[in-house]
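Q: Please read through the structure below; I'll follow up with questions.
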Amino acid sequence: MIPAVDVSPLDCAGPNACEIVSIYTGIFWIAMAVLVIVGGLLIYAALRFRRRDEREPAQVHGNTRLELVWTLIPVVIVSFVFIRTTLRMDYVRNGPPPAMTVKVVGVQFAWLYTYPDSRVKSDTLVIPTGEPIQLQVTSHDVLHSFWAPRLGGQIYAIPGQMNHGWLQADRPGFYYGECNELCGVGHFSMQVKVQAMTPSAYQAWYTQRLQQASGAGAPPPGGGPATATRVTGVAAAKTVGETDEFKFVPTGTSVKVGDVVQWVNQGSSAHNVTFDNTQVPTSDTMNGGDKYEVKFAKPGTYHYTCTFHTAFNMQGTVTVTP
């Protein structure tokens, strides 16, 4: 049996989400008290003053004291909720000074995270525990909404507009969410995934991603030459197209060691090329007309996907022979 994933905002795992829960809990119990009192009075009045015979009951044409009470009580309740919420709005939205700022871009149907130096990018938001992380959120195409319920509130991703928010994870682990705006046929697959690591583990991950961003994949075990490298302006032995039908064309490609494979975005949807083998470098987001080229130095079969469109089975393979 697949274990359930906890995405309940009530099970908060960071100070931003816990502050939201605190505000929500107070308002919830006030609302419950109002429900019980008002509902109880309605039931009491319906039973106590129900019609028993044909006589007309005494007519009451006003009670100033009662009218003041039922006016002032709602005013006091609403004022308390307003003040309680307003005093914490800045904290929930802006938070403490951030340890770093990550740019978040929504793309049909995935999220792309770019770290401060713009070289490290990921389709999973990886953060160190115990540190506030500011998010600058926008959209590449249509309206999206970023929300990791256990870590913070939702942030709208709007094309041409940069919104911000923040989150913090107090414990290592994976935290999940979902795009909270209907954004197209693949909306169901647009998952938010946050991985919180200890600061030392995060630094190791970040260093490895910096190495990959330099144009080579992860170093082979035991050292030796790189499995593949990213190149630019080199004649390609084979070209693979990326289409708006969420397909790589062709899906299978064969080349020899030393050959270059080029991927070209032939449509308007954003794509990327991500290899299962981390020794092969991953592309950045590819918009219409963008190209990505990789030179393979070792034989083998290399499987890759577009992580934006995994729900549509957008994948392919490169077979490299000696």
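What follows is calculated from the coordinates using simple rules that are stated; it is not laboratory data. Keep in mind the model is a prediction, meaning the values are calculated, not measured. Glycine also receives a Cβ, built like all others from the backbone with ideal geometry; neighbour counts cover every protein chain displayed.
Q: With r as the distance between the Cβ atoms of Asp284 and Ile37 and R0 = 41 Å, compute the FRET efficiency 1/(1 + (r/R0)^6) and round to 0.05.
A: About 0.10, to the nearest 0.05.
Q: Given a 10 angstrom Cα cut-off, can you work out which residue in Pro132, Pro149, Pro97 is the most mobile in a GNM of the chain?
A: The residue with the greatest mean-square fluctuation here is Pro97.
Q: Gain in length, Val76 to Lys256, computed as 0.36 nm per residue apart minus the alpha-carbon separation, to one decimal in nm?
A: Length difference between fully extended and current span is 57.1 nm.
Q: May I pose another question? Using a Förster radius of 45 Å, what is the FRET efficiency between Ala58 and Ala4 based on their Cβ-Cβ separation? Nearest 0.05, please.
A: 0.15
Q: Can you give me the P(r) profile for segment 20-153? Cα pairs, bins 5 angstrom wide beginning at 0, each as a whole percent.
A: 2, 7, 11, 13, 11, 9, 8, 7, 7, 6, 5, 5, 4, 3, 2, 1, 0
Q: For His61, His303, His271, His144, what ranking results if the residue with the fewest other Cβ atoms within 10 Å of its Cβ goes first?
A: Final ranking by Cβ density, sparse to dense: His61, His303, His271, His144.
Q: Separate question: If you take the Cα Rg of segment 217-321 and divide it by 2.2 N^0.38 Å, with N the number of residues, what do you get?
A: 1.00
Q: Given the options Phe28, Phe308, Phe246, which has the most mean-square fluctuation in a GNM of the chain, springs set between C-alpha atoms less than 10 angstrom apart?
A: Maximum fluctuation in the GNM of the chain, among the listed residues, is at Phe28.
Q: Measuring from a point 7 Å past the Cα of Val142 along Cα-to-C-beta, which residues in segment 265-301 have an amide N at less than 17 Å?
A: Answer for this model: 268-271.
Q: Hey, another quick one. Just check segment 93-173 against the gyration tensor rule for me: Cα atoms, a ≥ b ≥ c as the square roots of the eigenvalues, rounded for a/c under 1.5, and otherwise prolate or oblate depending on whether a/b exceeds b/c.
A: In terms of gyration-tensor shape, prolate.
Q: In sequence order, what are the phi-derived ³J(HN,Hα) couplings for segment 255-266 according to the Karplus relation 6.51 cos²θ - 1.76 cosθ + 1.60 with θ = phi - 60°, rounded to whole Hz, with x for glycine and proline?
A: 9, 9, 4, x, 7, 10, 10, 10, 9, 10, 7, 9
Q: With everything on Cα atoms, drop me the angle between helix 199-213 and the longest principal axis of the chain, reported from 0 to 90° to the nearest 10.
A: Here the helix axis deviates by roughly 40 degrees.
Q: Along Cα→Cβ, 7 Å out, is where each label goes; now give me the distance between the ones at Asn313 and Arg48 in nm to one decimal.
A: Each label point is offset 7 Å from its Cα along the Cβ direction, giving 6.8 nm.
Q: May I pose another question? Expressed as a rounded percentage, what relative contact order does the chain have, with Cα pairs under 8 Å and six or more residues apart?
A: Dividing the mean separation by the residue count of the chain yields 14 percent.
Q: Run through the DSSP bridge list for the chain and note the antiparallel percent, rounded to the nearest 5.
A: Antiparallel bridges make up about 65 percent of those DSSP assigns within the chain.
Q: Explain nothing, just the number: relative contact order of segment 217-321, from Cα pairs under 8 Å at least 6 residues apart, as a whole percent. Numbers along the way, then the final one.
A: Details: 264 pairs, mean separation 34.2, N = 105.
Once normalised by length, the contact order is 33 percent.
Q: Less than 15 Å from a label point 7 Å out along the Cα-to-Cβ axis of Ala99: which backbone N atoms in segment 1-30 qualify, by residue?
A: Backbone N within reach: 14-16.
Q: Given a cut-off of 36 Å, what percent of all Cα-Cα pairs of the chain lie beyond it? Mind showing how you got there, number by number?
A: Numbers: 19616 of 51681 pairs.
Pairs farther apart than 36 Å: 38 percent.
Q: Of the candidates Ser79, Ser122, Ser139, which one comes out as most mobile in a Gaussian network treatment of the chain with C-alpha springs shorter than 10 Å?
A: Between Ser79, Ser122, Ser139, it is Ser79 that shows the largest mean-square fluctuation.
Q: Given a Förster distance of 35 Å, report the FRET efficiency between Met89 and Glu131 from their Cβ-Cβ distance, rounded to the nearest 0.05.
A: After rounding to 0.05, the efficiency reads 0.95.
Q: Give me the lysines in straight-line cross-link reach of Lys295: C-alpha distance below 26 Å, same-chain residues under 8 apart excluded.
A: Straight-line reach from Lys295, under 26 Å: Lys121, Lys238, Lys247, Lys256.
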